[in-house]
Amino acid sequence: MSARKLVHAAAPEATVLIREAHVLEPRTGIDEARDVLIRGGEIAELGPPGTLDAPDGAEVVEAAGRHLFPAFVDPHVHLRTPGQEHKEDLETGTRAAAAGGFGAVLAMPNTDPVVDSAPILRSLRDAAHLHARVPVGFVAAITRGLRGDELTEMAELREEGAVGFTDDGKPVVSAGMLRKALQYQRLCGGVLALHEEDPSLSGPGAMHEGEISALLGVAGIPSVSESTMIARDAQLAGYEDGRIHIQHLSAAASVEAVALAKERGVRISAEASPHHLCLTHEAVRTLDTRMKMNPPLRTEEDRQALIEGLRSGVIDCVATDHAPHARDEKEVPFEQAPMGTTGLETSFAALHTELVLPGVLPLDLVVRRLGDGAALFDLPTPRIAPGEPANVTLVDLDAEWVVGDGGYESRSANCCFDGRTLRGRVLLTVAAGAVAFRARQFEVVG
Ligand SMILES: [Zn+2]
Ligand SMILES: [Zn+2]
């Protein structure tokens with residue numbers, strides 16, 4: 001019903017035989033070698049390894065030893081269009097998504113102008129029809145100009161295809177304003193995605209408030225800035241029977257707040273980012289501006305709580321919060337640098353290297369949580385099953401690579417994993433039935 005809300009550029013329907021890949025489809029439990037035939041943009045057939053024949057004109061991908069996953073879905077990216085195309089645009093952002101194994105992404109509205117009216121949303125969707133390499137959904141603003149004092153025309157934005165609403169980059173500071181948004185949501189649908197931060201607590205903070213910020217003399221953002229707002233908004237959502245999604249959880253107290261709300265039956269979901277799952281404020285000791293993001297990297301205890309939340313399902317999905325910035329914008333003193341890290345191209349490899357290989361989380365759980373964001377926004381979840389639209393990603397789990405070597409598909413290079421050696425590389429992504437990415441060194445025969 002709502003697939004119409006995602007848009008992408010027209011591309012030829014793929015006809016590809018992927019031979020002898022190890023198919024891992026966590027939702028149906030397939031975890032073994034299979035031939036997978038994609039024909040006319042659909043998954044046509046799955047067969048035992050070496051049994052399927054390539055139809056005329058098909059590409060054949062010899063994939064023995066490689067893993068085939070359902071394509072990932074990222075419910076939180078910044079594509080910087082319109083207005084900040086020097087950081088990213090629809091083409092480069094969705095190319096980065098495809099390179100990371102994503103078959104769909106949801107773009108945030110904190111652009112210039114803000115996506116707060118139907119004409120702006122319509123023109124963006126028209127542009128995505130021309131330039132997006134993977135399907136993109138647009139999340140519209142909750143308040144006009146993200147100013148927090150006047151609601152957008154939510155019903156009209158829904159009609160125009162908004163998959164949900166958010167003031168991301170900023171919290172909805174006024175409880176009364178969020179209450180009103182929840183009341184409108186009852187009429188027009190669409191999840192409210194919330195960036196949780198109490199500005200009276202976060203103030204001018206540039207990193208996590210703790211022993212390292214004290215040592216460095218940098219103003220801190222306490223974890224209660226996030227967790228107290230989550231507690232407030234969960235109560236409001238419960239009171240109005242609204243549906244909220246908490247963006248980029250960073251703190252143990254926040255995981256507790258979400259868990260409590262879920263226990264009480266509040267319609268709430270939550271996401272965590274690869275950087276918060278893999279890194280801590282220790283990484284900020286050198287004042288590397290690539291480690292500056294909002295919410296900030298926090299303590300090891302917080303990181304462990306996020307991992308546990310992802311395992312238990314209190315945290316529903318992974319979202320990258322891909323936030324590109326130009327080099328000269330980040331090459332300034334730490335306190336002046338803008339918040340944000342790119343993440344689309346490194347998300348799977350970072351989680352695989354830091355959490356799966358050391359035995360912290362199982363591979364199938366990570367693959368599942370990289371796709372579970374779709375259903376939270378009432379979008380179809382990619383599945384490897386006959387008759388489904390082809391949304392798959394082929395990964396070499398053994399491939400080691402140095403992040404940033406050979407550049408990025410994104411227009412920006414502000415990646416917190418830059419320079420790290422990661423294991424696991426996306427070789428091929430098929431999104432909405434078309435080949436959206438093919439690694440340069442990856443040869444296709446036939
Ligand atoms: Zn945010
Ligand atoms: Zn964001």
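The values are calculated or read from the model by the stated rules, or taken from the named source; none is laboratory data. Bear in mind the structure is a predicted one, so any value in this text is a computation, not a measurement. Neighbour counts are summed over all protein chains in view; Cβ atoms, including those assigned to glycine, are modelled from backbone coordinates with ideal geometry.
I need a count of the residues in segment 253-289 that are in contact (Cβ under 8 Å) with a residue 40 or more places away in the chain, among the aliphatic types (A, V, I, L, M) and buried (at least 20 other Cβ atoms within 10 Å of the Cβ).
Counting residues in segment 253-289 that are in contact (Cβ under 8 Å) with a residue 40 or more places away in the chain, among the aliphatic types (A, V, I, L, M) and buried (at least 20 other Cβ atoms within 10 Å of the Cβ) gives 7.
Could you tell me whether any residue of segment 345-353 is assigned to a loop (DSSP other than H, G, I, E, B), within 19 Å of residue 81 (Cβ to Cβ) and within 16 Å of ligand 2 (Cβ to nearest atom)?
First pass over segment 345-353, keeping only residues assigned to a loop (DSSP other than H, G, I, E, B): 345-346.
So of that shortlist, the ones also within 19 Å of residue 81 (Cβ to Cβ) come out as 345.
Still in the list and also within 16 Å of ligand 2 (Cβ to nearest atom): none.
No, segment 345-353 has no match at all.
How do the helices (runs of 4 or more DSSP H) wholly within segment 184-250 filter down when requiring 2 or more residues that are over 20 Å from residue 302 (Cα atoms): which remain?
Hits in segment 184-250: 199-202, 224-240.
Exactly one condition in (1) touching a Pro at 6+ places or on another chain (Cβ under 7 Å); (2) farther than 20 Å from residue 148 by Cα; (3) more than 16 Å from ligand 2 (Cβ to nearest atom) is not met by residue 201; state its number.
Failing condition for residue 201: (2).
Please specify each residue of segment 249-278 satisfying the condition of being in contact with a helix residue (DSSP H, G or I) (Cβ under 7 Å, 6 or more places away or on another chain) and of a type outside the set (Gly, Ala, Ser). Before you say what the answer is, go through the steps one by one.
First, the residues of segment 249-278 that are in contact with a helix residue (DSSP H, G or I) (Cβ under 7 Å, 6 or more places away or on another chain): 249-255, 257-258, 261, 264, 266-272, 274, 276-278.
Result: 249, 255, 258, 264, 266, 267, 268, 271, 274, 276, 277, 278.
Consider residue 152 carefully, then state whether it is crowded, with 22+ Cβ neighbours inside 10 Å, more than 16 Å from ligand 2 (Cβ to nearest atom), among the hydroxyl-bearing types (Ser, Thr, Tyr) and under 26 Å from residue 351 (Cα atoms).
Taking the combined requirement at face value, the residue does not satisfy it.
Are any residues in segment 82-98 more than 17 Å from residue 414 (Cα to Cα) and surrounded by fewer than 24 Cβ atoms within 10 Å (Cβ to Cβ), and if so, which ones?
82, 83, 91
Within segment 1-48, track down each residue that is closer than 20 Å to residue 135 by Cβ and polar (S, T, N, Q).
Listed by number, the residues that qualify are 2, 15.
Do you know which of the residues in segment 149-183 that are basic (Lys, Arg) and in a helix (DSSP H, G or I) is nearest to residue 115 (Cα to Cα)?
The residue in question is 158.
Criterion first (in a helix (DSSP H, G or I) and under 18 Å from residue 170 (Cβ atoms)) does residue 254 satisfy it?
yes
Residue 42: out of contact with any helix residue (DSSP H, G or I) (no Cβ under 8 Å at 6 or more places or on another chain), of a type in the set (D, E, K, R) and in contact (Cβ under 8 Å) with a residue 24 or more places away in the chain, yes or no?
The answer is yes for residue 42.
Give the residue that is farthest from residue 105 (Cα to Cα), with candidates limited to residues of segment 1-54 that are of a type in the set (Val, Ile, Thr) and not in a strand (DSSP E or B). It would help to see each step written out before you state the result.
Keep residues of segment 1-54 that are of a type in the set (Val, Ile, Thr), which gives 7, 15-16, 18, 23, 28, 30, 36, 38, 43, 51.
Now narrow it down to the ones that are not in a strand (DSSP E or B): 15, 28, 51.
Numbers: 15: 23, 28: 23, 51: 34 Å.
Step by step, filter segment 1-54, then rank; the result is 51.
Restricting attention to segment 316-336, which residues are in a loop (DSSP other than H, G, I, E, B) and away from ligand 2 (no atom under 16 Å from the Cβ)?
Residues of segment 316-336 in a loop (DSSP other than H, G, I, E, B): 316, 319-321, 323-326, 331-333.
Within segment 316-336, 316, 326, 331, 332, 333 meet the criteria.
Could you please let me know if residue 145 is more than 16 Å from ligand 2 (Cβ to nearest atom), modelled with pLDDT of 95 or more and in a loop (DSSP other than H, G, I, E, B)?
Working: more than 16 Å from ligand 2 (Cβ to nearest atom): yes; modelled with pLDDT of 95 or more: yes; in a loop (DSSP other than H, G, I, E, B): no.
It is false that residue 145 is more than 16 Å from ligand 2 (Cβ to nearest atom), modelled with pLDDT of 95 or more and in a loop (DSSP other than H, G, I, E, B).
I need a count of the residues in segment 37-87 that are away from ligand 1 (no atom under 16 Å from the Cβ) and basic (Lys, Arg).
Residues that pass the stated criteria total 2.
Can you tell me which condition residue 46 does not meet? The list is (1) crowded, with 16+ Cβ neighbours inside 10 Å; (2) hydrophobic (A, V, I, L, M, F, W, C); (3) under 26 Å from residue 345 (Cα atoms), and all the others hold.
Unmet condition: (3).
Can you tell me which residues in segment 381-438 are under 30 Å from residue 328 (Cα atoms), assigned to a loop (DSSP other than H, G, I, E, B), out of contact with any Pro (no Cβ under 6 Å at 6 or more places or on another chain) and polar (S, T, N, Q)?
Within segment 381-438, 414 is the sole residue that qualifies.
Among all residue pairs at least 6 apart or on different chains, which show Cβ distances below 9 Å where the first residue, located in segment 183-195, is within 16 Å of ligand 2 (Cβ to nearest atom) and the second is among the aromatic types (Phe, Trp, Tyr)?
So the pair list comes out as 191/165; 191/377; 192/165; 193/165; 193/377.
Okay, residues lined up against (1) within 16 Å of ligand 2 (Cβ to nearest atom); (2) surrounded by fewer than 17 Cβ atoms within 10 Å (Cβ to Cβ):
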| residue | (1), (2) |
| --- | --- |
| 62 | no, yes |
| 65 | no, yes |
| 76 | yes, no |
| 103 | no, no |
| 106 | yes, no |
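Given the options 349, 270, 319, 326, name the one that is of a type in the set (Gly, Ala, Ser), under 22 Å from residue 410 (Cβ atoms) and within 16 Å of ligand 1 (Cβ to nearest atom).
Numbers: 349 fails: within 16 Å of ligand 1 (Cβ to nearest atom); 270 fails: under 22 Å from residue 410 (Cβ atoms); 326 fails: within 16 Å of ligand 1 (Cβ to nearest atom).
Step by step, each of 349, 270, 319, 326 is checked, and only 319 is of a type in the set (Gly, Ala, Ser), under 22 Å from residue 410 (Cβ atoms) and within 16 Å of ligand 1 (Cβ to nearest atom).
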